[in-house]
Amino acid sequence: MKTSHLILSIAELTTVSPLLVSCQHQQEQNTKPYNIVYIMTDDHTAQMMSCYDRRYVHTPNLDRIASDGVQFTNSFVANSLSGPSRACMLTGKHSCSNKFYDNSTCVFDGTQQTFPKILRENGYQTALIGKWHLESLPTGFDHWEVVPGQGNYYNPDFINMDNDTIRKKGYITNLITDMSIDWMENQRDKDKPFCLLIHHKAIHRNWLPEIKNLPLYEDKVFPLPDNFYDEYEGRAAAAAQEMSIAKDMDLIYDLKMLKEGKDSRLKKTYTWMLSRMDSLERKQFEDFYAPITEDFYKRNLKGKELAEWKYQRYMRDYMKVVKSLDDNVGRVLDYLESKGMMENTLIVYTSDQGFYMGEHGWFDKRFMYEESMHTPLVMHLPKGLNAKGEIHEMVQNIDYAPTFLDLAGISVPEDMHGVSLLPLLRGEHPVDWRKALYYHFYEYPAEHKVKRHYGVRTDRFKLIHFYNDIDVWELYDLIEDPAEMHNLYDNKTYESVVDSLKETMLQLQEQYDDPVRFSPEHDIE
Ligand code: SGN
Ligand code: CA
């Protein structure tokens, strides 16, 4: 174990004044190496986290991380989909390099370099509990227990390291937390620093709340996003999607309005999910939705009334699932606090991507538009890292791997695309911080029909190229048009902006060696 590295990193992290050297040296000798607790949810968007957005749900425990530590206001993913996002996070590389492009065709090559492997080689204990979603079994962990595929909210199966699949009794968010705390308390080697990845299934579709939270938020009426009735003028790819609340959200599977009659694929899936509940859970669950269902079918809503009714139910169910998540994050924080581990533990909370809560009329993610490219990111910082409050620099999920290695005093491999966030966590604002982010989404043709696209985002503009069976460019001015409703690509006033963004895009595609790239020659023709 390279303990010297760990101690060194602490020295590096602290701004040293000569007068303080000896006292500080003493302090460093007493400081244990840093642990990392990385909590990642699925589809938890920043709009549904009160430290980012006060309009909807109250998340006191997530806010607690932010208020004691830092909150990134410009945190993004590189490919807004579960498996790809996880692969970017683990490898610190864009999809073109880690080769996990989409959920539907890829199997993660577990022989490649990942940050848990490197931490482990350098004396860390590493563990992963919860959703994995990379098809091959996890590598690089001393301990793992993962749910197959998307996992189930009620009485979920877990695959363990012996490759046995075991059904556990309970609600998934509670179970993943129980197992994580149990690992920290009873199973790890307490002589070693650790890195624990807690990967929740929540708040993934189809938003099955925990029984005790079913009654919550029923009296709330949520304001419709201004662009709920977006008609996608000038945005052909946005018009082609199938993720509309009005058109594509299923009344039974998504919104629990179960009724007798024709079986659909989604209805069968929903009844199968109900069948996983024990008889009491199922009764309480069905009893809760029965009067809402009866009232709904009696009203025979149509058009806008129906769309808005769906939106309200969607918001409520989603928030109920967030409530369990927030409570369970609180349990992890309480545990770490009770063990005196806050001072030497970096706690990260993020999601595998953002999500639409009715903006553009949508649910789901995938697009490079703000709500889904953006992802929440808050951190509780260990002693020695002095940043506080909001951090506005643009960061991406490829930066987590270098950050964790840097924190542990391990040099960051040159082939990682991301950069360490440590300077920002020290409270610095490097003048040469990146000015543009690269994004590439590949899963098409597939569910929700979001076309393949790549693009760049700066603090002011976003340029997107949709390709494959379409050839469409979009440009947005994020300051004038934060909801990305007006495609300025063909507006002559922005010609030079487009040219310069194309140049940046090509530079990034070359830097990351993305073989699918914009061709200027083709563009000139
Ligand atoms: C499932 C969902 C989709 C969702 C994908 C990917 N359909 O296929 O709505 O976009 O997961 O989500 S469902 O009918 O199975 O609920 S991801 O977060 O795992 O990438
Ligand atoms: Ca997800």
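The values are calculated or read from the model by the stated rules, or taken from the named source; none is laboratory data. Quick caveat: nothing in here was measured; it's all calculated off a predicted structure. Note: ideal-geometry Cβ built from the backbone for every residue, glycine included; neighbour counts use all protein chains shown. All accessible areas refer to the heavy atoms of the entire protein, side chains included, with ligands and DNA or RNA removed. Shrake-Rupley method; radii C 1.70, N 1.55, O 1.52, S 1.80 Å.
Residues in the stretch 219-239 that are open to solvent by 20 Å² or more (accessible area, probe 1.4 Å) and in contact with a strand residue (DSSP E or B) (Cβ under 9 Å, 6 or more places away or on another chain) were compared, and the one that is farthest from ARG282 (Cα to Cα) is GLY234. For TYR253, indicate whether it is within 16 Å of ligand 1 (Cβ to nearest atom), open to solvent by 10 Å² or more (accessible area, probe 1.4 Å) and of a type in the set (Ser, Thr, Tyr). Answer is yes for this residue. When PRO33 is tested against (1) modelled with pLDDT under 95; (2) within 16 Å of ligand 2 (Cβ to nearest atom), just one condition goes unmet, and that condition is (2). Among all residue pairs at least 6 apart or on different chains, which show Cβ distances below 7 Å where the first residue, located in the stretch 256-276, is touching a residue at least 60 places away in the same chain (Cβ under 8 Å) and the second is within 16 Å of ligand 2 (Cβ to nearest atom)? Listed by first residue and then by second, the contacts come to MET273/ASN152; MET273/LEU208; ARG276/ASN152.
Going by the conditions given, is ASP327 in the same structural domain as ILE172 (by TED's automatic domain parsing) and either in a helix (DSSP H, G or I) or away from ligand 1 (no atom under 16 Å from the Cβ) (or both)? Yes; evaluated as a whole, the condition is true for this residue. Annotation for the stretch 340-354: at least one member residue is without any contact (Cβ under 8 Å) to a residue 12 or more places away in the chain and surrounded by fewer than 22 Cβ atoms within 10 Å (Cβ to Cβ). If you go through the stretch 72-100 and keep only what is more than 16 Å from ligand 2 (Cβ to nearest atom) and either open to solvent by 20 Å² or more (accessible area, probe 1.4 Å) or basic (Lys, Arg) (or both), you end up with THR73, ASN74, LYS93, SER97, LYS99.
Once the stretch 199-218 is narrowed to residues that are in a loop (DSSP other than H, G, I, E, B) and more than 16 Å from ligand 1 (Cβ to nearest atom), the residue that is most open to solvent (accessible area, probe 1.4 Å) is PRO215. Scanning the stretch 54-67 turns up no residue that is open to solvent by less than 10 Å² (accessible area, probe 1.4 Å) and either more than 29 Å from LEU216 (Cα to Cα) or within 16 Å of ligand 2 (Cβ to nearest atom) (or both). The number of residues in the stretch 95-128 that are over 18 Å from ARG188 (Cβ atoms) and small (Gly, Ala, Ser) comes to 4.
Applying the criterion of being among the β-branched types (Val, Ile, Thr) and within 16 Å of ligand 2 (Cβ to nearest atom) to the residues of the stretch 344-402, the residue that is nearest to ARG64 (Cα to Cα) is THR350. In this structure, MET40 does not satisfy being closer than 30 Å to PRO225 by Cα, out of contact with any Gly (no Cβ under 9 Å at 6 or more places or on another chain) and modelled with pLDDT of 95 or more. Just to verify a result, which residue in the stretch 250-291, among those that are touching a strand residue (DSSP E or B) at 6+ places or on another chain (Cβ under 9 Å) and assigned to a loop (DSSP other than H, G, I, E, B), is farthest from MET315 (Cα to Cα)? The residue in question is ASP278.
Do we have GLU135 as acidic (Asp, Glu), closer than 24 Å to ARG205 by Cβ and surrounded by fewer than 19 Cβ atoms within 10 Å (Cβ to Cβ) here? Criteria met by GLU135.
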